[in-house]
Amino acid sequence: MRFEPKSSWIPPFQCRIIKLSQWHLGPKFPRWLKFQKNLSVLDISEAGISDILPTWLLNLSTQFEYVNLSCNQLTGGISYLNVREIVDLGSNRFTGPLPRVFPTLQHLILSNNSFSGPLFELVCNSLREGPMECLAIERNLLSGEIPDCWNHWRGLGYLNLENNNLTGKIPPSLGRLNLLVLSLRNNGMFGELPSTLQLSTSLIMLDLSDNHFSGSVPAWIGDKLSKLEMLSLRSNNFNGHIPQKICQLQSLRILDLGDNNISGAIPKCFSNLSAMANKGNQKSYMFQWSSISTNNFFYLRAFLVLKGRQYVYSTTLGLVTSMCLSTNRLIGEIPKELGSLVELRSLNLSRNLLIGNIPDEIGNMELESLDLSMNQLNGEIPSSFSNLNFLNYFNVSYNNLTGRIPTSTQLQSFENLSYMSNHLCGPPLSKDCSTNSTPTDVANNGSRSEGSNVYWLYVSIVIGFVMGFWGVVAPLFFIRSWRNAYYQKLDHVGRKLYMSWATPGR
């Protein structure tokens, strides 16, 4: 719907609540709001507004409880937010330092803008007269360290600072907040995880991926953070072994330790991760808030590497159960106990140093994605894999697997690249298992054929050179009569050419 009155229009009414979300009000900011003196709730999100935020809006004599300007193309800087409870300015083009806020503000959403500078002024110098429950400033241009002055932010449940340029260590006071959600993904932070973080016993989501954190994966994560449902430490510098106490996380649905320097064996006790083993109710991960006049929520987001690519999950996050241990230095065999995780939908153990046979029990799972590539696995692909009827991504390339690929609807549907650099045969590869030669995949056959063509090309060049040299050059060099006849012939041809050039008129 559209509502575009003339810029000079003065409304003949006074409203306390205006909700025009998804109405087309733009591209200019609606000036008629300037004449509203009793406005408490304003929602003009997704309204097609591409304009500078007017300074008069937040300087109105009215006292806002709730302001939602999200999902527009608003620009400019904001020095102060005169709103008592909830502000959502997400997905705009605001710039400059973070604004000061009203002491009783409970929810501040500034996601997906271009706010820059440090967090210090907002976190350390804000006067608080009540708990801030939600602070979302992800996908901005914030820089500097996270300050260590969170003690007066008790009550904060959701903190998202991902996709900024933050550096330094996690401050100890941040761990004392007892958060529900903490995401610091994709920054430049480093150091070991502070022990105070184990005090956040209510955490259900902890995402520290894509940073430079180091040290061992703390055992207290499994011992103290018992409510965790999503744990991502991906793409850091963690080392040491996977602690056995991780197996105590009965609610864990997503575990991502990929792309680190973790060594040792895969714990057999992973079979105790009951949320991955037992069928449960579908989860709905959303953060909800309400005030006297409005009720809102947003879905939690998670960046997961599944099926060989990175995906963003939000509304469907509750459907995902995933384990990724790829790109580490894990050794030993794949524990057969993993086969009991029948509710797991994605398993990625690629790019490690795993050896031995693939356990038959893996074929009893209901996986949609399985990646065992770039290890040192041997033996045959278990015949039980023909039961993996829901697979839509499969990769066992670059191992030492042998024998026939089991016949099923799914396994024959994948490209040859899923099997390359093994000693496999049978469909979808062109190598027939009935031949006596060492089975190999189509990709290897293709490379061998191409290598043979290159080899014979060089052989032909050498033979041509030898024949030309000994058939023409060598006789001229060793037989004087041939050499004299050859030079006389050249002299005769040269004289004829000269005469033709010198007497063109004849």
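Every number in this text was worked out from the coordinates using simple rules, so none of it is lab data. Bear in mind the structure is a predicted one, so any value in this text is a computation, not a measurement. Positions of Cβ are generated from backbone atoms using ideal geometry, with glycine treated the same way; all protein chains shown enter the neighbour counts.
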Chymotrypsin sites (Phe, Trp or Tyr not before Pro) within the range 390-426: DSSP coil, no more than 15 neighbouring Cβ in 10 Å
Phe390
Go ahead and collect, in residue order, the members of the range 209-229 whose backbone nitrogen is under 14 Å from a label point 7 Å along the Cα-Cβ direction of Glu192.
213-221
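In the range 95-195, which GluC sites (Glu not before Pro) are in a loop and have at most 14 other Cβ atoms within 10 Å, using DSSP for the loop call?
Working: sites: Glu121, Glu129, Glu133, Glu138, Glu145, Glu162, Glu192; in loops: Glu129, Glu133, Glu138, Glu162, Glu192.
Of the GluC sites (Glu not before Pro), the ones in loops of the range 95-195 whose Cβ has at most 14 other Cβ atoms within 10 Å are Glu129, Glu192.
Rounded, prolate or oblate: which one fits the range 375-433, using the alpha carbon gyration tensor with axes a ≥ b ≥ c (rounded when a/c is under 1.5, else prolate when a/b beats b/c, else oblate)? Write out the running numbers ahead of the final one.
Numbers: a/c = 1.41, a/b = 1.29, b/c = 1.10.
Rounded, because the longest to shortest axis ratio a/c is under 1.5.
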For the pair Arg16/Ser79, report the inter-label distance in nm, with labels modelled 7 Å from Cα in the Cβ direction.
3.2 nm
Positive minus negative residues near Lys307 (Lys, Arg vs Asp, Glu; Cβ under 11 Å):
0
Extended-chain gain in nm, criterion 0.36 nm per residue less alpha-carbon gap, Cys149 and Thr402
85.2 nm
If packing is taken as the mean number of other Cβ atoms within 10 Å per residue, what is the order of 152-159, 320-327, highest first?
320-327, 152-159
Just to be sure I understand the model, the point goes 7 Å from the Cα along the line to the Cβ. What's the resulting Asn178 to Asn392 distance in nm?
4.1 nm
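Are there any trypsin sites (Lys or Arg not before Pro) in the range 29-116 that are in a DSSP loop and have at most 12 other Cβ atoms within 10 Å? List them by number.
Lys37
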Calculated FRET value between Glu121 and Ser383, using beta carbons and R₀ = 51 Å, to 0.05
0.20
Label-to-label distance, nm, for residues given as Met1 and Ser202 (7 Å Cα→Cβ offset):
3.8 nm
Antiparallel %, DSSP beta bridges [both residues in the range 17-374], to 5:
15 percent
My understanding is that a pair violates if its Cα-Cα distance is over 29 Å; which of Lys169/Lys268; Lys169/Lys227; Lys19/Lys279; Lys279/Lys307; Lys169/Lys224; Lys279/Lys431 do that in this structure?
Lys169/Lys268; Lys19/Lys279; Lys279/Lys431
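For Arg329 and Glu415, FRET efficiency with R0 = 25 Å and r from the beta-carbon atoms, rounded to 0.05?
Details: r = 28 Å, r/R0 = 1.14.
E(calc), rounded to 0.05, equals 0.30.
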